[in-house]
Amino acid sequence: MELTTPTAYKLKILDIAIAAVVIAFTVWSGLVVYGSQSETVRVRIEGSGQSWLYPLTEERTIAVSGPLGDTIVRIENGTARIETSPCPNQTCIAGQQIQHVGDWNACLPNRVLIRGEGDGAEDSEIDIVAW
């Protein structure tokens, strides 16, 4: 009985072409999915039955009245956050900063909501059950 050694597999031109197509498709799909992330993000602030829309590029401080008092929202360095609130547990202050479309934070006891919006934000609305 004679032992044979396996021969090395040689890449053929079709193998290289298939690999190139797979890599090109992966890059293209990444650009399609993540390429639209460069839209202008604005922050919508809702409270007391009113709604305000501000760009994240302008620094400002907004006082939003609620049933418990004023919730202070601060916009600076391209983010928006709840700075102070009269609610008892203060979880909204430790909550998420708004930087991207779809980000949101809320002070539920004071009924104040802040969320990131952009050009295509209609698809990422918060439903009434979450509010």
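A quick yes/no check of all residues on (1) assigned to a strand (DSSP E or B); (2) of a type in the set (A, V, I, L, M, F, W, C):
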| position | (1), (2) |
| --- | --- |
| LYS10 | no, no |
| ALA24 | no, yes |
| VAL32 | no, yes |
| GLU46 | yes, no |
| SER51 | yes, no |
| GLU58 | no, no |
| VAL64 | yes, yes |
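From ALA94, ALA130, which residue is part of a loop (DSSP other than H, G, I, E, B), at pLDDT 90 or above and either in contact with an Asp or Glu (Cβ under 6 Å, 6 or more places away or on another chain) or of a type in the set (Gly, Ala, Ser) (or both)?
Details: ALA130 fails: at pLDDT 90 or above.
It is ALA94.
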Query - Residue that is surrounded by the fewest Cβ atoms within 10 Å (Cβ to Cβ) [pool: residues in segment 66-90 that are part of a loop (DSSP other than H, G, I, E, B) and at negative phi] - result: PRO88
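Does segment 111-122 contain at least one residue that is surrounded by fewer than 16 Cβ atoms within 10 Å (Cβ to Cβ), over 14 Å from TYR54 (Cα atoms), at pLDDT below 95 and of a type in the set (D, E, K, R)? Explain how you work it out, then say what you get.
Residues of segment 111-122 surrounded by fewer than 16 Cβ atoms within 10 Å (Cβ to Cβ): 119-120, 122.
So of that shortlist, the ones also over 14 Å from TYR54 (Cα atoms) come out as 120, 122.
Going one step further and asking which of them are at pLDDT below 95, we end up with 120, 122.
Then drop every residue that is not of a type in the set (D, E, K, R), which leaves 122.
Yes, segment 111-122 has at least one match.
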Query raised in the report: How do the pairs read when you match residues in segment 93-122 that are under 20 Å from GLU76 (Cβ atoms) with residues anywhere that are hydroxyl-bearing (Ser, Thr, Tyr) and part of a loop (DSSP other than H, G, I, E, B), using Cβ under 7 Å and keeping only pairs 6 or more apart or on different chains?
Result: ILE93/SER85; CYS107/SER85; GLY118/THR40
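Table: residues versus (1) of a type in the set (S, T, N, Q); (2) under 25 Å from THR40 (Cα atoms).
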{"position": "THR61", "(1), (2)": "yes, yes"}
{"position": "LEU68", "(1), (2)": "no, no"}
{"position": "CYS92", "(1), (2)": "no, yes"}
{"position": "ILE98", "(1), (2)": "no, yes"}
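The values are calculated or read from the model by the stated rules, or taken from the named source; none is laboratory data. Small disclaimer: the values here were computed from a predicted structure and weren't measured. Because the Cβ atoms are built from the backbone with ideal geometry, glycine has one as well, and the counts that use them run over all protein chains shown.
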